[in-house]
Structures are given as C-alpha cells and as structure tokens.
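Here is the structure we will look at.
The values are calculated or read from the model by the stated rules, or taken from the named source; none is laboratory data. Model, not experiment: these values are computed from the prediction. Don't worry about glycine lacking a Cβ; one is built from the backbone with ideal geometry, like all the others, and counts go over all protein chains shown. In case anyone asks, the SASA skips ligands and DNA or RNA and just uses the protein heavy atoms, side chains included. Shrake-Rupley method; radii C 1.70, N 1.55, O 1.52, S 1.80 Å.
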Amino acid sequence: MNPAREMIPASTPIDTSKRFETTARLRIRSGLLTTLVGLFVFTVGAKPGWFGWDRSPVVGFVQIAVFLIGLAIICLGGYTGLLGLWKGEQRSIAADIGTRLVSTGYVVAVFAGMADVFGMGSQRLPAVPYFGPLQAAGVLIGEITIAIGFLMLVPYRKGESR
C-alpha cells in the first residue's frame with residue numbers, strides 16, 4: 001500500500017452515474033452517422049444515375065419516396081446530433097421553435113413531393129406521377145425551412161470560450 005495515498009473508507013459512495021459528456025458525445029456521433037446514412041438514401045433517391053441505378057428518364061413515385069425517406073432520416077439524425085450539443089441543459093425557446101421548423105419543413109417537403117399522389121399536383125392518378133418544377137420548388141422551400149430550424153437548434157453561448 002502506498003503511504004502517500006489516504007485510505008478511503010469502504011462506506012464512501014462512488015459516483016457511478018453516467019456523465020452528460022459521455023451521453024452527449026454518443027448522441028452527437030449517432031446523430032452524425034444517422035445523418036450520413038440519410039444523405040446516402042437521399043442521394044440514391046434524388047440522383048440514382050450517380051450509382052448506375054437510374055432505370056427511368058423521369059422522376060417517378062419510387063424515386064420521390066426514396067429521397068423523402070432519406071430526408072426524414074437526415075432530419076432525425078440532425079435533430080439527435082444537435083440535441084447532444086445541449087449537454088443536458090434546458091433548451092432555449094429559439095431551439096424549440098427550430099424543432100418545430102424542422103418538422104414543418106419536412107411536412108412541406110413531403111406534401112410538395114407527393115402532390116401528384118395526394119391528388120393536388122398536375123398529374124392526376126392513375127397517370128404516372130411527375131416531379132415537376134413546382135414540386136421541386138416546394139421541396140426546396142421545405143428543405144430551406146429544415147435548414148433554418150437546424151440553425152436555430154444550435155446552442156449559442158455568450159461569453160464562453162471553447
């Protein structure tokens with residue numbers, strides 16, 4: 001036994017609780033991984049020709065559905081990762097509004113992307129759904145709303161050096 005060390009009584013409790021830093025790092029890493037998987041799925045849906053998987057000259061229902069699923073995975077991963085940056089602290093009102101903007105942007109993107117399927121687009125069913133310029137603009141507006149929401153989720157701290 002080292003005499004320089006003090007003896008710790010056996011009845012002294014040891015802190016075994018997880019630290020916020022460990023769970024925050026895990027949450028950030030899993031969020032980044034999920035976002036990258038979502039980016040891959042989104043890219044497969046938006047540009048299948050980049051992988052040699054393009055089987056049609058038009059953007060059809062399956063392709064629209066795949067890139068919208070990829071966008072959903074990106075939203076989930078980004079939300080998870082950005083929540084990890086808060087490290088257990090209470091979120092600000094701006095961050096809560098950002099969360100709602102991410103959700104709203106995704107709903108806008110889904111509705112715009114699936115407008116033909118929902119019967120609101122230029123191609124009525126049973127015709128093949130066509131992803132036209134108005135639908136592309138609607139999806140872009142949804143994506144911009146998602147990006148603004150993500151920016152609002154970032155924890156900005158005044159006077160704190162990193």
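Residue count for the range 44-60 under the criterion of being aliphatic (A, V, I, L, M) and open to solvent by 50 Å² or more (accessible area, probe 1.4 Å): the result is 1.
Being in contact with a Ser or Thr (Cβ under 6 Å, 6 or more places away or on another chain) and surrounded by 12 or more Cβ atoms within 10 Å (Cβ to Cβ) holds for only one residue in Gly113, Gly105, Gly142, Gly70, and it is Gly105.
Condition first: more than 28 Å from Thr80 (Cβ to Cβ), open to solvent by 70 Å² or more (accessible area, probe 1.4 Å) and hydroxyl-bearing (Ser, Thr, Tyr). Can you find one or more residues in the range 128-135 that meet it? Within the range 128-135, one or more residues are more than 28 Å from Thr80 (Cβ to Cβ), open to solvent by 70 Å² or more (accessible area, probe 1.4 Å) and hydroxyl-bearing (Ser, Thr, Tyr).
Are any of the residues in the range 87-107 farther than 26 Å from Arg25 by Cβ, part of a loop (DSSP other than H, G, I, E, B) and of a type in the set (A, V, I, L, M, F, W, C)? There is no residue in the range 87-107 that is farther than 26 Å from Arg25 by Cβ, part of a loop (DSSP other than H, G, I, E, B) and of a type in the set (A, V, I, L, M, F, W, C). Pairs linking a residue in the range 106-131 that is closer than 21 Å to Ile144 by Cβ to a residue that is at pLDDT below 80, with Cβ atoms under 6 Å and 6 or more positions apart or on different chains, are Ala115/Gly121; Phe131/Val59.
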